[in-house]
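Participant: I have a structure I would like to understand better, so I am pasting it below and will then ask my questions one at a time.
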Amino acid sequence: MAALCRGRHRWKKTNCLYVPTRNLTGKYDYDLVVIGGGSGGLACSKEAQFGQKVAVLDYVDPTVKGTKWGLGGTCVNVGCIPKKLIHQAALFGTALKDAKKYGWQISEPVCHDWATMMEGVQNHVRSLNWGHRVQLQDKKVKYLNFKGSLVDEHTVKGLTKAGKETILTAKNIVIVTGGRPKYPTNIPGAVEHGITSDDMFWLKKSPGKTLVVGASYVALECAGFLTGIGLDTTVMVRSIALRGFDQQMAGLVTDYMETYGTKFAWKCVPKRVDKLSSGALQVTWTDTQTGGEHQDTYDSVLWAVGRAPETKALGLDKLGVKLNQETGKIVLATDESTSVPNIYALGDIGEGRPELTPTAIKAGKLLARRLAGQSAELMNYDNVPTTVFTPLEYGCVGLSEEEAEKRHGKDNIEVYHAFYKPLEFTVAERDASQCYIKVVCKRFGDQTILGLHFTGPNAGEVMQGFAMGFQCGATYSHLSQTVGIHPTCAEEVVKVNITKHSGLDATVTGC
Amino acid sequence: MLCRVCRRLPAPAVTLPSFLVMAVFTQLTRMRPWRWFICRKQFLSSFGRHGSIRRNMASDRAASQATRFDFLVIGGGSGGLAGARRASELGAATAVIESHKLGGTCVNVGCVPKKVMWNAAVHAEYLHDHSDYGFDTGNVRFSWETLKAKRDAYVSHLNRIYRNNLDKAKIQTIQGHARFTNDPEPTVEVDGRKYTAPHILIATGGLPSVLSDAEIPGANLGITSDGFFELETLPKRTVIVGAGYIAVEMAGILSTLGSKTSLIIRQTGVLRNFDSLISANCTKELQNTGIDLWKNSQVKSVCKSEKGLEVTIVTKDPEKKNDEEKTSTIQEVDCLLWAIGRQPNISGLNIGAMGVDTDERGHIIVDEFQNTSRPGIYAVGDVCGKALLTPVAIAAGRKLAHRLFEGKKDSKLDYSCIPTVVFSHPPIGTVGLTEEEAIKSRGKENVKIYKTSFTPMYHAITSRKSQCIMKLVCVGKEEKVVGLHMQGLGCDEMLQGFSVAIKMGATKADFDKTIAIHPTSSEEFVTMR
């Protein structure tokens, strides 16, 4: 019965194999083996609680610098969680300056102690590692600290740190090994002397004067928080910042960072990194516009030049699991199935999937339910909101203005926008030139919203509700009919009324 | 409609000050040709009338000289200004009468300075947490004087912006108290001058309620929220009376900034018209943050001594019938603040004589289109006593302007699903029905509640902790979300987007379909089970 309930899409794909495997339940050690204990893997294994036998394999290969961590994957250990906490610390750097304007007399100079902050951050991360272990236990999911690889479509080989091999068989296998930061291997000294975000969140000592290479959200977030806690930080950008995001918004984010002290080396590419006898790192780079060569010394060089999927050690090629040649990611169907029956994948390792924790979690849960025959619901990868936790936070959902123009034509979209001043900036005498809202709508008909963009304090908290409105198909009039909440930043979103077409000044004045 | 607009042009232009002549001219030049034609007819014929006016001058000079506008707004607060500016944009000759500073309650003694104070208090909380985040801030002192100077400067800046906005929109600002006259056509008098218009909007707002010395001896030794914004120093010892959101906000701000604060409430919880979860949690949070809460208590008398005020309070738990009333005194109080509610600001308006109906508390009764019982007179905002919120007044004022001057007959504000935030510590956000209201209107069996509570990640590494609580009130089989209530860090900025979705008719399934933004607190709403 349950089998019949599953989506037709599944039947089409695995019709011939599906029925026999179902009959063979009991032949395998596990109903489900999940390789990778990150956000998606943990969600999938914990959700698979329909009388099934489940195991999750997690293993962290240390970084070049030897950094390693516990259960929970990128998000918990070297991503979202430590990043947001340090971002919060950095916001305090600005808040301290604001506080003086608000009447707080603080004796100068205020020092920031990296070790104190990291102790707090790491303790929290360890408590989450432990929490995940406990949850797995509660849900009777077998946790194995093995490095998993595929032997065949029902068999996984687990390797312990000591090199001991264990063979596990499973009816279904889910690969959720995520990704790791890349090093630019063609730059001499890059690997020996540089670090990545995987190391950043476990540094015992302040990184000091830092060069961040790259302009992805990871690069900008790291540079932002390093500046915020008072470190001399430079971002080296080869071409553009926040590729894939709305470029006007990206410009505002980097402008704000520059205003608040982050240095940018635009259109520059690093050439080599040398360690001087003093221990400082000398970086040589080329300005691609002038062709000139420049040098400076740093205490740390952070490579944030992209992430690579963790597919190499999985033995996918042997089984013929189809990968995207360019990205190395696994090609997936809408139901997260790979080209090999019984083998599924999700999260950062999936080709074309957003590299975001919430999508991995949701996809993992839905997959577990489908595999257990509890539901046929597929993951919807549209309308995914996200927030970049740069010093000026940027939240968005839907299309960028460029993408909307491309899909609908410049004349068929209407962009409502506003430059607003958060009330918290006024008394603090802070410049709010980059606090901006942009609502991209269809120009005609009911003006359905195609994309919504917000830079300002608490952008993540602001955006979630609007993302839901967006998911429900909100139009411009849905926004304008909603009564504002005064005085907040979020109210400026429902108050937008100046269009780009009109050419009028979009600065908000008064209440 | 159009003819009427034109007829209201200041007819006896020759007797008017030059700016009004200019106004007529601008008005005429701004008009479309066909309107201009009708107006010219009107204008020429008015010279004929002008003669007759002259003749009557001796008998009724003042009435005949009433300056005419298309739209006359009494009250330069949020609702009045918004209505006036929109009407002016739509071509109506508009004037605003204001007795005090432009901007009304919100700008001068409400939302804006309140939130500035709240922000200052949030910094105090941050300062507690700084060391946990690695900052060594050493000795920190707070200067109320610095803050007040900055706040006042900002408010004055806003006053000027409002003035400029009116001037730019060619709206005349009339300074003074308005009083309806006994003229047959609704007319108001300000400082001996008369003004009239076919459409008069009352947007005079409200005032903090006060108690007389007859009700409570020494009551007038206390201040209200208006007085709070005049305080020149941080009170050392504060007593606040009231359980509404203003009492809660004031108590939070003063206590967080370092004043030893007692809050006197008549029953056992604050915010009793909010969802019970919010009411209970907010009451708990007030106590957690060090506010001395006096439940089942009332102020009996206040007297002044050398060391400050002595506030005598009686406490009696109604549950314990046999208990005696307990009388206590709080000594050395340097700030007693009454936050016992607000009342409509209608004194001196003489609206009774106009046949404008009011309710038993004096609020002007309006229909859904903001019409009062007297044709040609409208009211928006706090003076109507419904949803006392700036954005509500603004929206209602604008909708009315569109109805009156753009011919949009159905233009009115939908008062359902109005989101509101209380800037408590931590802030509260709420929209739609409370659980209790939903059960009452839909029956317990049709109501499903989803709840969660957690410690926001911000507090993961701080020694100071506060919870975030969230509740969804759903009704019917489709689990339509009719209410959303929360208290916690960031709830002030979370609510707006959700209120859009709830107004759109979102169901629990829509919440579930929405992808989370990680790591935020608001994502808990879309991952609730």
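The values are calculated or read from the model by the stated rules, or taken from the named source; none is laboratory data. As the structure is a computational prediction, the values presented were derived from the model and not from experiment. All Cβ positions, glycine included, derive from the backbone under ideal geometry; neighbour counts span all protein chains shown.
Participant: Any idea which residue in region B:354-388 is nearest to the other protein chains (Cβ to nearest Cβ), counting only those that are buried (at least 24 other Cβ atoms within 10 Å of the Cβ) and in a loop (DSSP other than H, G, I, E, B)?
Facilitator: By that ranking, first place goes to B:380.
Participant: If you don't mind, another one. Restricting to region A:162-181, what's the tally of residues that are farther than 23 Å from residue A:74 by Cα and outside any loop (DSSP other than H, G, I, E, B)? Steps first, answer last, please.
Facilitator: Going through region A:162-181, the residues farther than 23 Å from residue A:74 by Cα turn out to be A:162-172.
Still in the running and outside any loop (DSSP other than H, G, I, E, B): A:165-172.
The qualifying residues number 8.
Participant: Return yes or no: is residue B:201 crowded, with 17+ Cβ neighbours inside 10 Å, within 11 Å of chain A (Cβ to nearest Cβ) and not in a loop (DSSP other than H, G, I, E, B)?
Facilitator: Taking the combined requirement at face value, the residue does not satisfy it.
Participant: Considering region B:496-524 alone, what residues qualify as being more than 7 Å from every other protein chain (Cβ to nearest Cβ) and touching a strand residue (DSSP E or B) at 6+ places or on another chain (Cβ under 9 Å)?
Facilitator: Once the filter is applied, which keeps residues that are more than 7 Å from every other protein chain (Cβ to nearest Cβ) and touching a strand residue (DSSP E or B) at 6+ places or on another chain (Cβ under 9 Å), region B:496-524 yields B:502, B:505, B:507, B:508, B:524.
Participant: Then there is this: Given the options B:215, B:232, name the one that is part of a loop (DSSP other than H, G, I, E, B), surrounded by fewer than 18 Cβ atoms within 10 Å (Cβ to Cβ) and touching an Asp or Glu at 6+ places or on another chain (Cβ under 9 Å).
Facilitator: On the way: B:215 fails: touching an Asp or Glu at 6+ places or on another chain (Cβ under 9 Å).
Of B:215, B:232, the one residue that is part of a loop (DSSP other than H, G, I, E, B), surrounded by fewer than 18 Cβ atoms within 10 Å (Cβ to Cβ) and touching an Asp or Glu at 6+ places or on another chain (Cβ under 9 Å) is B:232.
Participant: Also, I was wondering about something else. Do you know which of the residues in region A:349-369 that are away from every other protein chain (no Cβ under 12 Å) and assigned to a helix (DSSP H, G or I) is surrounded by the fewest Cβ atoms within 10 Å (Cβ to Cβ)?
Facilitator: Across region A:349-369, the extreme among qualifying residues is A:369.
Participant: Among A:283, A:305, A:273, which is surrounded by 15 or more Cβ atoms within 10 Å (Cβ to Cβ), in contact (Cβ under 8 Å) with a residue 40 or more places away in the chain and not in a strand (DSSP E or B)?
Facilitator: The match here is A:305.
Participant: Name, by its number, the condition in (1) more than 9 Å from chain A (Cβ to nearest Cβ); (2) at positive phi that does not hold for residue B:103.
Facilitator: Exception for residue B:103: condition (1).
Participant: Being facing chain A (nearest Cβ under 9 Å), without any contact (Cβ under 8 Å) to a residue 60 or more places away in the chain and in contact with a Gly (Cβ under 8 Å, 6 or more places away or on another chain): is that true of residue B:143 here?
Facilitator: In short, yes.
Participant: Have a look at B:401, B:395 and point out the one that is in a helix (DSSP H, G or I), of a type in the set (Gly, Ala, Ser) and within 14 Å of chain A (Cβ to nearest Cβ).
Facilitator: Matching residue, one of B:401, B:395: B:395.
Participant: Which members of region A:482-510 meet the condition of being under 30 Å from residue B:507 (Cα atoms) and facing chain B (nearest Cβ under 7 Å)?
Facilitator: Matches in region A:482-510: A:482, A:483, A:484, A:485, A:486, A:487, A:488, A:489, A:490, A:491, A:493, A:494.
Participant: Select, from B:99, B:78, the only residue that is in contact with a strand residue (DSSP E or B) (Cβ under 8 Å, 6 or more places away or on another chain), hydroxyl-bearing (Ser, Thr, Tyr) and more than 19 Å from residue B:150 (Cα to Cα).
Facilitator: It is B:99.
Participant: Do any residues in region B:251-268 that are crowded, with 24+ Cβ neighbours inside 10 Å and at pLDDT below 95 have Cβ atoms under 8 Å from those of residues that are hydrophobic (A, V, I, L, M, F, W, C) and assigned to a strand (DSSP E or B), where the two are at least six apart or on different chains, and which pairs are they?
Facilitator: none
Participant: I would also like to ask the following. Report, by residue number, each residue of region B:317-334 that is within 18 Å of residue B:267 (Cα to Cα) and either aliphatic (A, V, I, L, M) or touching a strand residue (DSSP E or B) at 6+ places or on another chain (Cβ under 7 Å) (or both). Walk me through how you get there before you give the answer.
Facilitator: Going residue by residue through region B:317-334, those that are within 18 Å of residue B:267 (Cα to Cα) are B:317-328.
Matches in region B:317-334: B:325, B:326, B:327, B:328.
Participant: From the set of residues in region A:77-107 that are polar (S, T, N, Q) and part of a helix (DSSP H, G or I), which is farthest from the other protein chains (Cβ to nearest Cβ)?
Facilitator: Here the answer is A:77.
Residues are listed down the side, and each one gets a yes or a no for (1) more than 23 Å from the chain's Cα centre (by Cα); (2) in a helix (DSSP H, G or I); (3) within 27 Å of residue A:225 (Cβ to Cβ); (4) not charged (D, E, K, R):
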residue	(1), (2), (3), (4)
B:118	no, yes, yes, yes
B:121	no, yes, yes, yes
B:131	yes, yes, yes, yes
B:154	no, yes, no, yes
B:157	no, yes, no, yes
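Participant: What are the residues in region B:515-529 that are over 17 Å from residue A:347 (Cα atoms) and in a loop (DSSP other than H, G, I, E, B), if any?
Facilitator: Across region B:515-529, the qualifying residues are B:520, B:521, B:527, B:528, B:529.
Participant: Tally time: how many residues in region A:443-479 are over 30 Å from residue A:85 (Cα atoms), more than 7 Å from chain B (Cβ to nearest Cβ) and outside any loop (DSSP other than H, G, I, E, B)?
Facilitator: Counting residues in region A:443-479 that are over 30 Å from residue A:85 (Cα atoms), more than 7 Å from chain B (Cβ to nearest Cβ) and outside any loop (DSSP other than H, G, I, E, B) gives 6.
Participant: For residue B:403, indicate whether it is over 30 Å from residue B:119 (Cβ atoms) and modelled with pLDDT of 95 or more.
Facilitator: Working: over 30 Å from residue B:119 (Cβ atoms): yes; modelled with pLDDT of 95 or more: yes.
The answer is yes for residue B:403.
Participant: Here's another thing I want to ask about it. Is there a residue in region A:230-250 that is within 14 Å of another protein chain (Cβ to nearest Cβ) and in contact (Cβ under 8 Å) with a residue 24 or more places away in the chain?
Facilitator: yes
Participant: Checking residue A:425 against (1) among the aromatic types (Phe, Trp, Tyr); (2) outside any strand (DSSP E or B); (3) in contact (Cβ under 8 Å) with a residue 24 or more places away in the chain; (4) within 13 Å of chain B (Cβ to nearest Cβ), which single condition isn't satisfied?
Facilitator: Of everything listed in (1) among the aromatic types (Phe, Trp, Tyr); (2) outside any strand (DSSP E or B); (3) in contact (Cβ under 8 Å) with a residue 24 or more places away in the chain; (4) within 13 Å of chain B (Cβ to nearest Cβ), residue A:425 misses just condition (3).
Participant: Are any of the residues in region B:425-438 surrounded by fewer than 20 Cβ atoms within 10 Å (Cβ to Cβ), within 30 Å of residue B:277 (Cα to Cα) and either polar (S, T, N, Q) or in contact (Cβ under 8 Å) with a residue 40 or more places away in the chain (or both)?
Facilitator: yes
Participant: Might you let me know whether region A:57-71 holds any residue that is among the small types (Gly, Ala, Ser) and within 19 Å of residue A:345 (Cβ to Cβ)?
Facilitator: No, region A:57-71 has no match at all.
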